[in-house]
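What follows is one structure encoded as structure tokens, with my remarks underneath.
The values are calculated or read from the model by the stated rules, or taken from the named source; none is laboratory data. Keep in mind that this is a model prediction, so the values were computed, not measured. All Cβ positions, even for glycine, are placed from backbone atoms using ideal geometry, and neighbour counts span all protein chains on display.
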Amino acid sequence: MNLISFNPFRSAGIPNVTYIKPELVLKEKEVIQKADWILFPEYWQVNLLVYAWKKRIFPSINSYHMGHDKVEMTRTLQALVPEHVPYTLIAANNPGIKDRILEEFPFPFVAKKVRSSMGQGVYLIESTNQLNDYLIKNDIIYIQEHLPIEKDLRVVYVGNRVISAYWRVGQGSFTNNVAQGGKVEFSPVPREIIDLVEKVAADLGINHAGFDLAVVDDRIYFLEFNVMFGDQALSQANISVAKLIQDYIINHTDQPEPPKPIFPSDRAS
């Protein structure tokens, strides 16, 4: 099988992979078009690879599009499983937005940058001054209720199933991200959480993501998901993502081609 990767670190351990620098994508068109799969392209490459050159990519284009920013993923989750999404306000930073936020959200609440990862760009807003600072720096407003939790969950989904699930406990911070010093706990995760993640991922066509969830009063909440998730905890658990990706690609190579543009039918003469 002929595989091309634009990210040598993400595809490490997968056999028969040729690495191409992302900026050479157009120059290497002939080589790329002969490939069976394209692995881990940059976001700006996915449309030309899938729609112009009809290439199979991994992660799926669904994963890229919905995981591109918090607005895309939150609105998709609100449409699919609204009962599992914290109360969230997404709006343009227009006059009057501050009053609306203060009317709808009691302190403390959470404010996020639309595009961020590894626990960065997430703020606990406890005062009007902190809100003012957030509003000055962000054109798109993303405000979410603050859930009373001491730990959250990372559920890793690769291919067509959950491959790992673990708890993350914050260390002196309201965020629990491992990249920000959070501690990993591999204690049991309820089966209903695994089942929910597998259903949502399958319904959305996502095949590579780390889902962050919380449980409050027996209700499961999706916080967000990251397509390019960290692998520190997976390494601790001796889980090989490369082998799982390889198996998925092999099993899906003979399935239908990726989406093609739809053209209007010929007009009647």
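Annotations for the structure displayed:
- Check on SER116, within 21 Å of the chain's Cα centre (by Cα) and modelled with pLDDT under 95: yes
- If you go through the range 52-106 and keep only what is without any contact (Cβ under 8 Å) to a residue 24 or more places away in the chain and on the phi > 0 side of the Ramachandran plot, you end up with just GLY96.
- The one condition in (1) at pLDDT 95 or above; (2) surrounded by 15 or more Cβ atoms within 10 Å (Cβ to Cβ); (3) part of a loop (DSSP other than H, G, I, E, B) that HIS68 fails to fulfil: (1)
- Each residue in the range 85-134 was checked for being in a helix (DSSP H, G or I), exposed (fewer than 15 other Cβ atoms within 10 Å of the Cβ) and hydrophobic (A, V, I, L, M, F, W, C), and 1 of them qualify.
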